[in-house]
1. Among the residues of the stretch 25-55, which ones are surrounded by fewer than 19 Cβ atoms within 10 Å (Cβ to Cβ), at negative phi and at pLDDT below 95?
2. Residues of the stretch 145-154 being of a type in the set (A, V, I, L, M, F, W, C) and either touching a helix residue (DSSP H, G or I) at 6+ places or on another chain (Cβ under 6 Å) or part of a helix (DSSP H, G or I) (or both), which ones?
3. Of Val167, Val177, which residue is among the β-branched types (Val, Ile, Thr) and more than 14 Å from Gly95 (Cβ to Cβ)?
4. Taking only pairs six or more apart or across chains, which ones have beta-carbon atoms under 7 Å, a first residue in the stretch 65-79 that is in contact (Cβ under 8 Å) with a residue 24 or more places away in the chain, and a second residue that is among the basic types (Lys, Arg) and surrounded by 18 or more Cβ atoms within 10 Å (Cβ to Cβ)?
5. Can you tell me which of Asp116, Asp74 is of a type in the set (Asp, Glu), at pLDDT below 95 and either under 28 Å from Gly145 (Cβ atoms) or surrounded by fewer than 16 Cβ atoms within 10 Å (Cβ to Cβ) (or both)?
6. What tally of residues in the stretch 17-57 results from selecting those that are polar (S, T, N, Q) and touching an Asp or Glu at 6+ places or on another chain (Cβ under 8 Å)?
7. List the residue pairs whose Cβ atoms are under 6 Å apart, where the first residue sits in the stretch 142-164 and is touching a residue at least 12 places away in the same chain (Cβ under 8 Å), the second is among the polar types (S, T, N, Q), and the two are 6 or more positions apart or on different chains.
8. Could you list all residues from the stretch 89-127 that are charged (D, E, K, R) and free of Cβ contacts under 8 Å to residues at least 40 places away in the same chain?
Amino acid sequence: MTARVRALLLCGGKSSRFGSDKLLAALDGQPLVAHSVRHLLAGAGNALAVVPTGSKALKRALDDAGCDVLESADCVRGMGASLAAGVRAAAGARGWIVALGDMPFVKPITIAAIVDKIEKGATIAAPVYQGVRGHPVGFAARLEGELLALDGDEGAKRVLAAHRDEVEVLLVTDPGVSADVDVPGDLGDRKGA
């Protein structure tokens, strides 16, 4: 099987500001996270969600959406640890697209464009909407060691900083790249987006 760019969906957050598990909150009659999965599958052709061990309802929603699921105890240590767990599980990939479970409004065409940049040799590819860098972010396979070394809640900021001159920016008209869901009100004006 030919190595491909693997889409990682980080779903290990605590939803503390939301008040309940925001990934399971209803958005257009489905769990919010199902929209994130659907867009990843359409844009990247695959999706592997990293979830905390024992997240039965979340795992069921992801399974129902057609997503591969990795349960990882590393999620309790934060986004960086979750990302490293996903990269470890998808070792040998041509690269990774790192998406966040609480960003259900990213358009598949944006995800596909990030995948294309990585497949064409970009070290890092990131969308920018109205001057703001968003998600998902693509990483080339040559960064595997640096991604595996991540831990804690910092995510990939250290890797991005170390390679800032190698980031290929993709200017997009997709406001979803910077629209995450933190509180219930973030869903109200976005339904159907």
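The values are calculated or read from the model by the stated rules, or taken from the named source; none is laboratory data. Note that the structure is predicted; figures quoted are calculated from it, not measured. Quick reminder, even Gly has a Cβ in these numbers, built from the backbone with ideal geometry, and neighbours come from all protein chains shown.
1. Ala26, Gln30, Pro52, Thr53
2. Leu147, Leu148, Leu150
3. Checking each option against the conditions leaves just Val177.
4. Cβ pairs passing all conditions: none.
5. Exactly one residue qualifies, and that residue is Asp74.
6. Total satisfying the criteria: 4.
7. Note: pairs meeting the criteria are His163/Thr123.
8. Listed by number, the residues that qualify are Asp116, Lys120.
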